[in-house]
Amino acid sequence: MEIPSALIDMLKRAHRVVVLTGAGVSAESGLATFRDKQAGLWERFDPMQLATPAAFEQDAALVWGWYEWRRMQVMLAAPNTGHLAIKEFAEHVPRLTLVTQNVDDLHERAGSSVHHLHGTLARPFCADCRQLHVLPEGIPDEPPNGRRLDPPRCAACGGKVRPGVVWFGEMLPEREWQLAAQAARECEVFFCVGTSSTVSPAASLLPIAAQAGAMTVQVNPQGADGAELSFDLRGPSGTVLPELVRLAWH
């Protein structure tokens, strides 16, 4: 794959860059996406039906068990070369804003500062009073095929603790969204990495950047179409992003 020289030149000059990442980046570390076939207990359930407030209200043990199983998978995974390349971006760009739709902590473990639009598995909270719940240290010891697991209770009010993620039908965290939208309006280059940009409102960030005059870049094996896209780099982030770093700064 040939990377356009115009993109390399702009990266060398850019002062403000935004990187939006999605499930494809985490998938390169071995984490299943919502579209992947589920295994074990979860094979009988649609992930999109488990990720709702109604599902938690109806069967909290099923939902909490699924998310603890996912958290175990995350903690067993490691950042990949795409995560590490984004960290290196920040060492060369004066102002890099990293925004993710992912709920894992692989960006943080790669050394990046990141804004989580869809929350994070690492910060569960009480479904009633919203107080944060401190998880026990270490990797959850969940069976490979998963299990139903009653959620812990809130230390403050006794309510059920829920995963710290944004479920379908819920609003994004206002502060994180405003920071992401502002960064998109002000950036010179906007990267959309490992996501098809179909989930709203995150999907609106690339058009926001394009309308403000930014160069927009898609990095995804499947590619993308759209009048707002400057460059479509078809390949995994773990291959494309390290090559961008090499060409721009090494």
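The one condition from (1) hydrophobic (A, V, I, L, M, F, W, C); (2) open to solvent by 20 Å² or more (accessible area, probe 1.4 Å); (3) in contact (Cβ under 8 Å) with a residue 24 or more places away in the chain; (4) within 20 Å of residue 13 (Cβ to Cβ) that residue 177 does not meet is (4). For residue 53, the test of being touching a residue at least 24 places away in the same chain (Cβ under 8 Å), within 25 Å of residue 197 (Cα to Cα) and surrounded by fewer than 15 Cβ atoms within 10 Å (Cβ to Cβ) is passed. Annotation: residue 134 fulfils all but one of (1) of a type in the set (Val, Ile, Thr); (2) surrounded by fewer than 20 Cβ atoms within 10 Å (Cβ to Cβ); (3) touching a strand residue (DSSP E or B) at 6+ places or on another chain (Cβ under 7 Å); the unmet one is (3).
Going by what's in this entry, would residue 236 be described as in contact (Cβ under 8 Å) with a residue 40 or more places away in the chain and in contact with a helix residue (DSSP H, G or I) (Cβ under 6 Å, 6 or more places away or on another chain)? No: the conditions fail for residue 236. Take the conditions under 21 Å from residue 125 (Cβ atoms), among the polar types (S, T, N, Q), at pLDDT 95 or above and in contact with a strand residue (DSSP E or B) (Cβ under 6 Å, 6 or more places away or on another chain) and apply them to residue 21. Does it pass? For residue 21, the condition - under 21 Å from residue 125 (Cβ atoms), among the polar types (S, T, N, Q), at pLDDT 95 or above and in contact with a strand residue (DSSP E or B) (Cβ under 6 Å, 6 or more places away or on another chain) - is not met.
Determine which single condition residue 130 fails, assuming it passes every other condition in (1) more than 30 Å from residue 239 (Cβ to Cβ); (2) assigned to a helix (DSSP H, G or I). Result: residue 130 passes all but (2).
Among the criteria (1) assigned to a loop (DSSP other than H, G, I, E, B); (2) without any contact (Cβ under 8 Å) to a residue 60 or more places away in the chain; (3) open to solvent by 50 Å² or more (accessible area, probe 1.4 Å), the one residue 229 does not fulfil is (3).
The values are calculated or read from the model by the stated rules, or taken from the named source; none is laboratory data. Here the structure is a predicted model, which means the values were calculated and not measured. For neighbour counting, all protein chains shown are included, and Cβ atoms are generated from backbone atoms with ideal geometry for every residue, glycine included. Side chains are part of the model used for accessible areas, which takes the heavy atoms of the whole protein and leaves out ligands, DNA and RNA. Shrake-Rupley method; radii C 1.70, N 1.55, O 1.52, S 1.80 Å.
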